[in-house]
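The values are calculated or read from the model by the stated rules, or taken from the named source; none is laboratory data. Computed from a predicted model, the values in this text were never measured in an experiment. Cβ: placed from backbone, ideal geometry, glycine included. Neighbour counts: every protein chain shown.
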Amino acid sequence: MRAELQSVLQTARELPVEQLPSLLGELEEVRCTAMARLAMPTSVQAQSDELLNIAEAARRLGLSKDYLYRHHSEFSFIRRVGRKLLFSASGIERYIKQRIPLASKSARA
């Protein structure tokens, strides 16, 4: 057994009975967190997101800053911090990947 769990086991042996439900709840939280991490796809676990300013988002999307300001509510990858608009880099990448098949289909027609 891991050293970290040895102390928890000792606590469970010595804790007053009326405090055991609280301990069980805390252990359940630890178990659920570990299970959630195991259930998460590996690509999501390794992926980190970066918030971009409007200039960088406009450059990546090939749109003007003005267009992004006017149409920001149409995009799901926008994050508002106060009055400032920030853009999820991974959200932009997903958006671009979804748009590419549509563009190539319309070019063939």
>> Test of understanding: among Leu27, Leu20, Leu63, which residue is assigned to a loop (DSSP other than H, G, I, E, B) and surrounded by 11 or more Cβ atoms within 10 Å (Cβ to Cβ)?
In response: Leu63
> Looking at (1) loosely packed, with under 10 Cβ neighbours inside 10 Å; (2) in contact with a helix residue (DSSP H, G or I) (Cβ under 7 Å, 6 or more places away or on another chain); (3) hydroxyl-bearing (Ser, Thr, Tyr), which is the one condition that is false for Ser48?
Replying inline: (2)
> Quick one: what pairs do we get from segment 18-30, first residue over 15 Å from Glu4 (Cβ atoms), second part of a helix (DSSP H, G or I), C-beta under 6 Å, 6+ apart or different chains?
Replying inline: none
> Under the condition of being in a helix (DSSP H, G or I) and of a type in the set (A, V, I, L, M, F, W, C), which residue from segment 3-17 is surrounded by the most Cβ atoms within 10 Å (Cβ to Cβ)?
Replying inline: Val8
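Out of Val17, Val44, I need the residue that is at pLDDT below 90 and β-branched (Val, Ile, Thr). Which one?
Values: Val17 fails: at pLDDT below 90.
So the residue among Val17, Val44 that is at pLDDT below 90 and β-branched (Val, Ile, Thr) is Val44.
For segment 68-83, give me each residue that is charged (D, E, K, R) and either in a strand (DSSP E or B) or in contact with a Phe, Trp or Tyr (Cβ under 7 Å, 6 or more places away or on another chain) (or both). Steps first, answer last, please.
Step one: of segment 68-83, the residues charged (D, E, K, R) are 70, 74, 79-80, 83.
Correct list: Arg79, Arg80.
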